[in-house]
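Q: Handing you a structure now.
The values are calculated or read from the model by the stated rules, or taken from the named source; none is laboratory data. Quick caveat, the model's predicted, so the values are computed rather than measured. Here the Cβ positions follow ideal geometry from the backbone for every residue, glycine too, while neighbour counts run over all protein chains shown. Side chains are part of the model used for accessible areas, which takes the heavy atoms of the whole protein and leaves out ligands, DNA and RNA. Shrake-Rupley method; radii C 1.70, N 1.55, O 1.52, S 1.80 Å.
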Amino acid sequence: MRLRSSLILALALAAAAAVPSPASAGARMETSIMDDQLLLNASPAALETDMALFKRLGVDRLRVSAFWNQVSPTPNARTKPAGFDLRNHTRGLYNFAELDRVVNSAVRHGLRVMISLSTPAPVWASADPSRGNQLWKPRADLFGEFTDAVVARYADRVDHWGISNEPNQGVWLQPQSDRSGLVAPHLYRDMVLASYPRIKALDPTSTALVGELAASGRSGRGATRPIRPLLFLREMACRDARWRRVRRGRCKNFQPVPVDAIGHHPYNLLQRPTNPSLNKYDAAIGDGRRLTRTADRMVRLGALKPGRGRRLSVFYTEFGYQTTPPDPFAGVSLNLQRLYIQQAAYIAQRTPRVRGLNQFRLT
């Protein structure tokens, strides 16, 4: 109970810190939270308790995932179920029961909702189902149809949509790269091109977030080797190291990437939030201006196509610090967690065009 109380206090302080003082801020930065592990398996009574707690803590928005493989039928099969129309959310083959409960509970408690359209995919939605790998080259056309179903079902209750989750990490999208170069940025670009128009057709006033990248990656190549986020964005834009247009290979038929806002996960793990990333292609909580500069450059070059204005807002849709105990590998003390969360909220609030900070997770 003492641990839980400390975590609640830390979240409450972060929410308070995220509200700008009159001297420092323009638009208010919203506070959001994500805890799929807690909510998607919760009983109706527990959901009501958790949502009421979020509301008391000052949370504005809940982010929750629509996992493609979890809501789809026969996700481990190599062939799509006969007669299954991915665009139709009403015929009973999809299983939206858990997501329905979470979204409806959040709305009842006055929370805005963001749904992340997330991999893993069903095996039958892979470009190579014979691998039996739910992360391997998800077919963009089928991802677009999946988008149709989810947005049609929830558009009346959801105003933010995240297109995929951390596509620069091998635990969410594969291959990250192969012998010929980076692969995941091009897979992701195709997913956005398939998904964004469907979101806007069904929910035109909503905000579609592109990116949703993890804050760091690693050098080298490999199917699961994570790509640094700003390098990922540059490759997605089909630009070389000097930002010149690439017209061959996976960039041969390049189309600008449509976007309403940038989603990002600016973790700094064991580091203080004030510490900048050492690699110029990483973007942690203290590197917000580095991220917006990259996005602005992509807009100027015509590689990103904003749906509104030309200066993209940024939402930090996942962030937090784990504690030790219970995590002996990637945790800080409760006192440091309390300090770091407050510092991070202050940094985010002071960074131009950052419009939201997420707490991952309550538990």
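Q: Tell me, in nm to one decimal, what length is gained between ARG221 and ARG108 on full extension, where the rule is 0.36 nm per residue of separation less the Cα-Cα distance?
A: Full extension of this stretch gives 36.1 nm more.
Q: For the residue pair ARG179 and SER43, what label-to-label distance in nm results when each label sits 7 Å from Cα along the Cα-to-beta-carbon direction?
A: Going from the ARG179 label point to the SER43 one covers 5.7 nm.
Q: Which of the aspartates and glutamates could a cross-linker span from LYS80 if the Cα-Cα distance has to be under 18 Å and same-chain partners fewer than 8 positions apart are dropped?
A: Cross-link targets: ASP128, ASP141, GLU145, ASP148.
Q: Something else now. Taking the DSSP beta bridges in region 205-363 as the whole, what percent of them are antiparallel, to the nearest 5?
A: Once the DSSP bridges in region 205-363 are tallied, antiparallel ones form about 5 percent.
Q: Over every pair of different alpha-carbon atoms in region 138-230, take the mean of 1/r and invert it; report that Kirkwood radius in Å.
A: 13.8
Q: Give me the accessible area per residue for the chain, probe 1.4 Å, as a whole number in Å².
A: Computed with neighbouring chains in place, this is 43 Å² per residue.
Q: Oh, and also: For ARG87 and ARG289, FRET efficiency with R0 = 41 Å and r from the beta-carbon atoms, rounded to 0.05?
A: 0.50
Q: Taking a cut-off of 21 Å between Cα atoms, list the lysines near LYS305, but don't count ones fewer than 8 places away on the same chain.
A: LYS200, LYS252
Q: Describe numerically, in nm with one decimal, the distance between label points set 7 Å from Cα along Cα→Cβ at ALA330 and at ASP240.
A: Spacing of the two 7 Å Cα→Cβ label points: 3.6 nm.
Q: Can you give the convex hull volume of the alpha carbon atoms of region 75-198 per residue, in Å³?
A: 109
Q: Can I ask one more? Among PHE315, PHE67, MET298, whose Cα projects farthest towards the positive end of the dipole of the chain, with charges put on the beta-carbon of Lys, Arg (+1) and Asp, Glu (-1)?
A: Value computed over the given set: MET298.
Q: After finding the eigenvalues of the alpha carbon gyration tensor for the chain, what semi-axes result from the square roots of 5 times each, listed largest first in whole Å?
A: 30, 26, 20
Q: 7 Å from Cα along Cα→Cβ at both ASN76 and ARG350: what's the point-to-point distance in nm?
A: Placing both labels 7 Å beyond Cα along the Cβ direction yields 5.1 nm.
Q: Can you give the extra length, in nm with one decimal, that the chain gains between LEU269 and SER130 once fully stretched, where that is 0.36 nm per residue apart less the Cα-Cα distance?
A: Additional length available on full extension: 46.4 nm.
Q: Calculate, in nm to one decimal, what LYS55 and ALA97 gain on full extension: separation in residues at 0.36 nm each, minus their alpha carbon distance.
A: 12.8 nm
Q: Related question: Taking all pairs of distinct Cα atoms, average 1/r, flip it, and tell me the Kirkwood hydrodynamic radius of region 222-277 in Å to one decimal place.
A: Mean inverse Cα-Cα distance, inverted, gives 13.9 Å.
Q: How large, in percent, is the carbon and sulfur part of the accessible surface of the chain at a probe radius of 1.4 Å?
A: 51
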